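*Asks:* Here it is, the structure, as C-alpha cells.
Every read-out reported here was derived from the displayed coordinates using simple, explicitly stated rules and does not represent laboratory data. Bear in mind that the values here come from a model prediction, so they are computed numbers and not experimental data. Note that each Cβ is placed from the backbone with ideal geometry, even for glycine, and that neighbours are counted across all protein chains shown.
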Amino acid sequence: MSAFIQLVFSGVALGMIYALIAFGYNITFSTSRTLNFSQGDFLMLGAFTALSIIGSKQSAIPIWLLGLLAAAALGAVLAVVLLEVAIRPALKTGSDVSWILATLALGIIAKNAAERIWGTDEYPMGSPFGRGYWNIGGVSIDPKEVLVVAAAAGVMIAFEVFRRKSLFGKAVTAVASDKDAASLMGINVPVVIMFSFIVSCAIAAMGGVLIGPIQIVSSTMGALLGTKAYAVSVIGGLNSGLGVIAGGLILGLSEQLTARYISTGYKDTPGFVLLILILLFRPNGLFGKATIKKV
Amino acid sequence: MESVKRYAPYLVAIALMFIPNFISNEYIVHSVLCKVCIYIIVVAGLDLVVGYSGDVSAGHAGLFAVGAYTAAVLMWKLHWSFPICMVAGAALAAIFGVILGVPALRLRGPYLAVATIAFGLIIQTIINEAVPLTQGSSGIKEIPRLIYGPINFEGNNLFYLVYPVMVLCLFVVNHIVRSYWGRAFEALKESPVAAGCSGVSRYRTKLAAFILSAAFAGLAGTLFCHVDKYIGPPTFSFELSVLFLIMLIFGGTRSIMGNCLGTLVVVVLPDLFNNLNDYRLMIFGGLLLFTLYFMPGGIVGMLRKILEKTGLMKAPSRLGVPAYVVAGVKLGEVSAVHLRPGDETGKGEPLLVTKGLSIKFGGLTAVNGLDMTVTRGQIHALIGPNGSGKSTTVNLLSGIYQPTSGDIQFRGHPVRGSADQISRTGIARTFQNVALFGDMSVLDNVMVGLHHTFSGGLLPIVFRTPSARQQAAEALARADALLDFVGLRALATEQARNLPYGKQRLLEIARALGSDPSLLLLDEPAAGLTAGEIAVMDAIIRKVRDAGVSVLLIEHHMSLVMAVSDEITVLDFGQKIASGTPDQIQANDRVINAYLGTSGSGHTLAHAPTH
C-alpha cells in the first residue's frame, strides 16, 4: 500500500511539472494564439543555468533560490528573443506555419548551443534537500517532490490571483478575449503579449530547476517534458486556465501506473494516447470552452 | 519552343537517371544521391501539408520510420518481396496519418504540430521497446539484399531503383497539386472560411493532404532501409523531422524544383563543411529563420525573382494556368454558359423561410426570433443599423454559426450543417470583408467556387483520365462564362489580390455563383465602392436575379437597396422591426426611428446617412 501511495505521489509531482509547463503554453496561447515549440529546450537551458549556481550537491536555501531566480531571469531574456526573432515577425505574415517553424528553429538552436556549452553528458542537480526521504505515516516521501508540488501550485495560483485581481492581470484577460477591443480600451497589447511570454518562459525555466534534482540535467531533458506538456495543455484545454492541473495530474498518474503495471519502457506513451483521445472526444479539452470565430 | 519547354523536364529527368554510369564514387552515388532522392520523396509529400494546405507536421521522421521498419521487418522476418513491402510501408504510414490527422485536423490551431511531435517521440519509444520486432536500440542489420536474378540493386545500382521511384512520386505530387485537390488545399490555406463557403470541406481536404503526405513518407522509408542495410532508432529523431521542414522551406514550398534543391543543399552542406559539424543544428536553425523572414520563397523564390528581374523569365504562371493545358481549352474559345440555379420553377413561392431564428453569444442575443421569408426570384434586402444582427444572420444562413434555436427551411427542407454542406444545398455568399484567395488567379478563385462540379478520387487525378480532363474542361468553360458574366474575363489570369477593390467584390460574386446557388447572400457588396462601381453592382445584382438566382442583400447604401429590392426586412437589436416593399419601409416610423433616433418628420430612408 505504501509503495502505491509513493507511486501516486511521484505521479502527482511529475504531473505538476507538466501542468506548470502547460500553464505557460496556455498563457501565451491566450494572448497571442501562439505557443513556443521550443519551450522544452528553454526549460533545459534554465536547468543548466541553475546547475552552474546550485551545483550537484545539497545546497543552502538562499543559493538554491538564487539558482531559481537566475533560471527565471534567463527565461525572461529568452522570452524577449523568442518574441522578437520568432513570434512577432511571423504574426505579421498571418499564417500559423511561420511561427511554428520559427519556434522549432529556435529549439534546435538552443539545444545545439547547450551541447556546445555543457556537452552531451548527464548531470545530477542539487536542491535544498539531500537524498533523504521523509517518513510520513510509514510512507516515504521524497521532499524534492513535495517541493515540486508546492512550488508549481504556488506559481500557478499566484498568477491566477494576479490575473483576476490586479489591473494589469485584467488587461491580460482582456487581450486574451479580444485583442482589438482591448487595444481600443487603451491597453498596450504588445506589452501584454510580451509580458505573457516572459511569464511563460520564466515558468518553464524554473520548471527545469524543480525537475532537475528529481530526474537528471542534460541537453535532451527538455524534449520529452515539453512535448508531454503540450498533451497536458490539450487535455486541460488550450484556453482553460487551471485545467492544466487536472491534465497534468491525469498524465503524471497514468505514466506512473503504466510504468508500474505495464512496462517502464512504455511510460511515455500515455501522453500521446491521451492527446489523441482528447482531441477525438473532447477537442476543446476537459475544461476548455468552444470559441466562435468571428468572420 | 512550347514543346521544348513542355518536354524539357522529362528529358532532364531521364538524363539524370544515368548519373551512376558517369560517377562511380560509391559515397557520392550510394550514400549521398540515393539519400537525397529518398528525402525528396518525403519533402515533396510534406509540401502537400505545409506548402499547400498550411499545416505543420513535425513528426514526418516518425512516419518515415514506420515505412523503414515495416519494410525491414517484413523482408527480414517474413521474406516478403520488396515491392509488396513498399506498398505495405506506405499503407501503414497512411494509417498512422489517419490516426493523427482525424483528431488533430478537426480544430483550427497548432494541433497537428503538437500531435505529430508527440507521435515522433512515441515511435522512438516503440522502436526501442518492441525488441522482438525491431531489436530495440541495436537496430536491424539483417535487411535482405535487393538482388533479383540478373537485376541487382546493391551498391550504386540502388540509384536505379530509388531515382525512378522518386520521379514517379514527383509526377504524382505534380498532378495532385495541379488538380482541383491542389486548388482546394491552397484555397483552404488562404481563407478557410471562404473555401468552406465555396463548398470545400476543410476537414476532409486537409485530412487527404496529410494522409497522402504520410504515405509518401512511409514509401520513402521503405527505400531508406536499403541505403545502409541498417536502421536504428537514433536516425528517426525529432531533429530529422525538423530537417525535413528545413529542406522544404529552404528550397521553397509549392515547387518541385524547390523540394529537390532544398533537400540537396541540406544533405550535402554538412559534407562540405565537415569542421562545422558540431554546430550543424545551429546553422540549420539559423538558415530556417533566415529563410522564413528574408527569403520567404526559398531558393526557388529567389531564383525566380532574379530571372524575372533580368527578363529571362516571365511573371509567375499560377496554379490555374496549366489547367488549360490539361483541359485542352484555351481562354476565350469557350462558348457562353449560362447560370444554372438549382431549379428555376416555382417563382413567387417561398425559397428560404426562417422561423424564430436566434443565436446567443454568451449573454448577448445577436439575432432574436427572426421570422423571414425570401421569395423565389426576388431580391430581398436585410437592413438595419450597425450591430443589428444582419451579418450574424448571413453567418447563420451560410452555416458558419449554428443557431441557438429556431429553424431555417430552404426549398422546403431544413438547413443544417457546416458551411461546405450548406454551400452544396444551393446557398452561396459573399463576405463583408472581401475574402478572396489573394495569391491565386482570378480564374482559379472562380474554379474553387466550381469545386462541387468535380468528382472522382485520387486515381483519375493522378492519371489524368479522360473523365478528369473533361471535368476540368467543363469547369474552365463555366468559370470563363462566370467571369464574363461579372465583366472580369479580361483579368482571368491576374492575381486576385492585384484587382481593384470594386472588381474584387465582383469576383466574389462570380465565385459564389460557381456553386450554382438558388440563393445568393450578398453581405454589403457595395461597401467601399465608388458611385460608378455601385452602379455596376446594381446592374449585376439585377442580372443575377434575372438569371433566376434569388438574392438576400445586406447593405447600408439605401439608394441601392431601395432601387433594387423587391422586399425589405429591417432588423434592430437582433429583432425584426418591419418588413415590406421599399415604399412601405420608407414610410415606416419604427424604421425611421431606428435609423435616425428620432421620430423626425420629413426624413426618408433614401436620404439616411450611409457608410
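*Asks:* Please work out whether chain A counts as rounded, prolate or oblate from its C-alpha gyration tensor, where a ≥ b ≥ c are the square roots of the eigenvalues and a/c under 1.5 means rounded, while otherwise a/b larger than b/c means prolate and anything else oblate?
*Replies:* Prolate, since a/c reaches 1.5 and a/b exceeds b/c.
*Asks:* Apply 1/(1 + (r/R0)^6) to the Cβ-Cβ distance of residue B:229 and residue B:6, taking R0 = 51 Å, and write down the FRET efficiency to the nearest 0.05.
*Replies:* It comes to 0.80.
*Asks:* Is the C-alpha gyration tensor of the protein assembly as shown telling us rounded, prolate or oblate? Criteria: a/c under 1.5 is rounded; beyond that, a/b larger than b/c is prolate, otherwise oblate.
*Replies:* Judged from the Cα gyration tensor, the protein assembly as shown comes out oblate (a/c at least 1.5, b/c at or above a/b).
*Asks:* Please list, or write none, the aspartates and glutamates whose alpha carbon is within less than 20 Å of the alpha carbon of residue B:189, excluding same-chain residues fewer than 8 places away.
*Replies:* Answer for residue B:189, where 20 Å is the Cα cut-off: A:96, B:47, B:55, B:420, B:439, B:444, B:494, B:508, listed by chain and number.
*Asks:* When a/c is below 1.5 the answer is rounded, else prolate if a/b is larger than b/c, else oblate, so apply that to region A:186-295 with a ≥ b ≥ c taken from the square roots of the Cα gyration tensor eigenvalues.
*Replies:* oblate
*Asks:* Given contacts defined as C-alpha pairs under 8 Å and at least six residues apart, what's the relative contact order of region B:2-237, whole-number percent?
*Replies:* Dividing the mean separation by the residue count of region B:2-237 yields 39 percent.
*Asks:* Give, rounded to the nearest 20 debye, the magnitude of the charge dipole that chain B has about its Cα centre when Lys and Arg contribute +1 at Cβ and Asp and Glu contribute -1 at Cβ.
*Replies:* Using Cβ point charges on Lys, Arg, Asp and Glu, chain B gives about 580 debye.
*Asks:* A follow-up question, please. Work out the charge dipole of region B:534-576 with +1 on the Cβ of Lys and Arg and -1 on the Cβ of Asp and Glu about the Cα centre, then indicate which of B:559, B:548, B:536 is farthest towards its positive end.
*Replies:* Positive-most Cα among the choices belongs to B:548.
*Asks:* I need the per residue convex hull volume for region A:61-123, using only the alpha carbons, in cubic angstrom as a whole number.
*Replies:* Enclosed volume per residue, from the Cα hull, is 97 Å³.
*Asks:* Averaged over its residues, how many other protein chain Cβ atoms are within 10 Å of peptide A:269-277's Cβ atoms?
*Replies:* So the per-residue partner count for this stretch is 5.
*Asks:* Run the helix sum for chain B: -39,500 (n - 2.57) per DSSP H stretch of 4+ residues, divided by residue count, reported at 222 nm to the nearest 500 deg cm²/dmol.
*Replies:* Calculated from helices alone, the mean residue ellipticity at 222 nm is -16500 deg cm²/dmol.
*Asks:* Which residue, chosen from B:438, B:465, B:581, occupies the Cα position most advanced towards the positive end of the dipole of region B:350-607, where the dipole is computed from +1 (Lys, Arg) and -1 (Asp, Glu) charges on Cβ about the Cα centre?
*Replies:* In region B:350-607, that residue is B:465.
*Asks:* Return the average number of partner chain Cβ atoms within 10 angstrom of each residue Cβ along peptide A:220-228.
*Replies:* Mean inter-chain Cβ contacts per residue within 10 Å come to 3.
*Asks:* Points 7 angstrom from Cα along the Cβ direction at residue B:501 and residue A:5: gap in nanometres?
*Replies:* Spacing of the two 7 Å Cα→Cβ label points: 7.2 nm.
*Asks:* For region B:2-237, what is the charge dipole size about the Cα centre, in debye to the nearest 20, if Lys and Arg each add +1 at the Cβ and Asp and Glu each add -1 at the Cβ?
*Replies:* I would put it at about 500 debye.
*Asks:* Could you sort the peptides A:11-17, A:135-141, B:355-361 by per-residue average Cβ neighbour count (10 Å cutoff), highest mean leading?
*Replies:* Per-residue Cβ counts within 10 Å, averaged per peptide and sorted highest first, yield A:11-17, B:355-361, A:135-141.
*Asks:* Would you compute, from DSSP H runs of 4+ residues alone, the mean residue ellipticity of chain A at 222 nm, taking -39500 (n - 2.57) per run and dividing by the full residue count, rounded to the nearest 500?
*Replies:* Mean residue ellipticity, 222 nm, calculated: -23500 deg cm²/dmol.
*Asks:* Can you give me the relative contact order of region B:350-607 as a percent, contacts being Cα pairs under 8 Å and 6 or more apart?
*Replies:* It comes to 26 percent, rounded to a whole number.
*Asks:* So, with +1 on the Cβ of K and R and -1 on the Cβ of D and E, and no other charges, what is the size of the charge dipole of chain A about its Cα centre, to the nearest 20 debye?
*Replies:* The calculated dipole for chain A is roughly 620 debye.
*Asks:* Another question, if that's okay. Quantify how strongly other chains surround peptide B:291-297 by giving the mean number of their Cβ atoms within 10 Å of each of its Cβ atoms.
*Replies:* Per-residue shielding by partner chains comes out at 3.
*Asks:* Can you give me the relative contact order of chain B as a percent, contacts being Cα pairs under 8 Å and 6 or more apart?
*Replies:* Answer for chain B is 15 percent.
*Asks:* Test of the criteria: in region A:69-125, which GluC sites (Glu not before Pro) are in a DSSP loop and have at most 13 other Cβ atoms within 10 angstrom of their Cβ?
*Replies:* Passing both the DSSP loop test and the Cβ count: A:122.
*Asks:* Largest first and to the nearest Å, give the Cα extent of region B:2-237 along each principal axis.
*Replies:* Answer, in whole Å and largest first: 57, 55, 25 Å.
*Asks:* Could you tell me the distance between the Cα centroids of region B:132-179 and region A:168-221, to the nearest Å?
*Replies:* 46 Å
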